[in-house]
Amino acid sequence: MFCLLKAPSPPGPVSLYIYSPPGADVTTHQQAAASAERGGAAPGRGSGSHRAFPAVTTMAPAARSLLLLALALSLAACSAVSAAAQVDAVAAAQQAADRVAGLPGQPPVGFAQYAGYVTVNETHGRALFYWFFEATAAPDKKPLVLWLNGGPGCSSIGYGEAEELGPFLVQKGKPELKWNNYSWNTGMHALQNAEANLMFLESPVGVGFSYTNTSSDLMKLGDKITADDAYVFLLNWFKRFPQYKSHDFYIAGESYAGHYVPQLSEKIFDGNMAGPKESYINFKGLMVGNALMDDETDQTGMIDYAWDHAVISDRVYADVKARCNFSMVNVTDACSAALQEYFAVYRLIDMYSLYTPVCTDGSGSSAAARGGHRKVAVHGAAPRIFSKYRGWIMKPAGYDPCTAEYAEAYFNRPDVQAALHANVTKIGYNWTHCRFQSTDQQGPDVLCSDVISIWNDAAFSTLPIIRKLIAGGLRVWVFSGDTDGRIPVTATRLTLNKLGLKTVQEWTPWYDHLQVGGWTIVYEGLTFVTIRGAGHEVPMHAPGQALTLFSNFLAGTKMPPTAFP
């Protein structure tokens, strides 16, 4: 880097030019200016050369002072440019190191992808793993969206990228990835705004490839540290990818991301209000689906949904309602007995997608047979009142309920990990969707992880944060697949009613092309959308409807009120 500076011409015949060679600093420039004032030559430094300066002894003192002031200002500006260039060079090198040339079995693509680690705590050696896909067209003009899956303890790469809304999907019996025509970074279906720069984050440490070098960190995890680390991740990621810092930024997610997304959003919102300009994130809004947001209404809505959809009998429904007060504390023995009957039914079917089959494939080892029943995978986490029941974590994964096994086989391949710059510390366990404890565990804090054994803090409700973000002018959308029994549409409606928001547009159908895609209601500051026929993982069960939802969310427009081709 060098600067060629020309000071403004003072009264008189003299102009001054300074050439800074590679490696020159402000001190050298000052020496050059002083030497020039004396009529001498600039000292040399580095590999460049300096020219001699004409004598300025005939210059008037006032003019000479004006010249030197202008020169000092110019040199300060040059120094700032040089520092910025050094930062850009570091960022470019980091981006190049994270660039993914291609994955084993990957279809050809026309966009760039990056993956790797961002350190969130140098002292403890905590680092979060991300996978980022640029938009297929004009990524420099498209928004940036961060997707988070829940758990706690579940991978946004295993679910979000490889099974739901990412460009690459895993396949049965093939060492190859298949193209997702409904990926949120491609806009394949010509939907306006249905294209974004898309990032998936494995969070917190202990999830997927994310790690810590301090084992005690895994005993301190909870909602707060997850939000804190994710915020530090974003600040550091934007230093690595400064070209995206000015882009509109959104966060979306599902399930326990009903905690993750609002809590991280609040960190960004507060940081933007109080922090320095350098840490400002151009945050515009958030969207959560089938999201755990309020323990009381989530639990009440679950029981109502199971009865309304003929999953449980009148007797079981009445027993649970009579014996459980959903207070989240002091669960009685009578309530526990009633809930045992409730969960016994969900051991037979897919709680997260009532009308799709369970996995009966005996291959793979990611899922365990439960009491002789069909094979299931895990997803989601229990509110406190239900957390001791094994049925809570049952989760076959959508239309192909064995997809979780295909993903685990793929992401544990050494060549895949090398291509993704993953598992660089050679963690002592295999990658998996959710690191769940033994199904025999009957303690009060059963999680989705055998690495994350304790979750130290979890808000009873994230509605106060939602209210705050609405008041702050952020775009807030909530969606719900209407065949999910885990966090069903009934629960979400009860939860949103707690907000007491004014209705702007009454309950009405919306269309995905020629078919009704679901129903929607618009409140003052919040839009709620149902997805007809979709389970817990909406983009997997209803990818076309999910893409229409995403397009309108990014555009800030209402869902299509009439059919379109």
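Where a number appears in this text, it was derived from the coordinates with a stated rule and is not lab data. As the structure is a prediction and not an experimental result, all values here were calculated from the model. Virtual Cβ from ideal backbone geometry, glycine too; neighbours counted across all protein chains shown.
Structure notes:
- For the pair segment 484-563 and segment 128-185, the centres of their Cα atoms are 22 angstrom apart.
- FRET efficiency, 1/(1 + (r/R0)^6) with R0 25 Å, evaluated for T425 and N456 via beta carbons: 0.55
- Here the simple spin-label model places points 7 Å from the Cα toward Cβ, and for K239 and F111 these points are separated by 2.7 nm.
- Listed peptides 346-354, 408-416 by packing density, highest first (mean Cβ within 10 Å): 346-354, 408-416
- Relative to the current alpha-carbon distance between A344 and S246, full extension at 0.36 nm per residue lengthens the span by 30.2 nm.
- Sites matching trypsin sites (Lys or Arg not before Pro) across segment 471-519 that sit in DSSP coil, with at most 15 neighbouring C-beta atoms within 10 Å: K498, K502
- Spin-label model, D314/D88: points 7 Å from Cα along the beta carbon direction are separated by 7.4 nm.
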